[in-house]
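To start, the structure under review is shown below, and the notes come after it.
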Amino acid sequence: MDETAQEIRNILHELLNEVAELKERVMELERHLNIAPTSPPRRASFMLGAESYENIGRIYSEGYHICPVAFGQVRDEGDCLFCVNILESR
């Protein structure tokens, strides 16, 4: 078992070194091509219209979840903090 764990550690170490080398090569190529380093894409924010809030408020008042955690499921016990947060973020 210890041999297997050591083998995994060695493989992981090699992979981390390879990733570090690849990052360096990418940065070098970006500098060579005068490309700015890429940043991860942003999530687009969106605004719901008044009618949309009315609709999700109606769905919630009918006893269904409107939160991503349990969207469309029946609310069994009282208010859902996730749903309420969505309604109050208006």
* Residue within region 25-44 that is modelled with pLDDT under 85, of a type in the set (A, V, I, L, M) and not in a loop (DSSP other than H, G, I, E, B) present -> no
* Asked: Of (1) on the phi > 0 side of the Ramachandran plot; (2) modelled with pLDDT of 90 or more, residue 78 satisfies all except one. Which?
  -> (2)
* Do you know which residues across region 49-80 are assigned to a helix (DSSP H, G or I) and surrounded by 11 or more Cβ atoms within 10 Å (Cβ to Cβ)? -> 52, 53, 54, 55, 56, 57, 58, 59, 60
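The values are calculated or read from the model by the stated rules, or taken from the named source; none is laboratory data. From a predicted model like this one, the values you see are computed outputs, not experimental measurements. Reconstructed Cβ throughout: ideal geometry from the backbone, glycine too, with neighbour counts over all protein chains shown.
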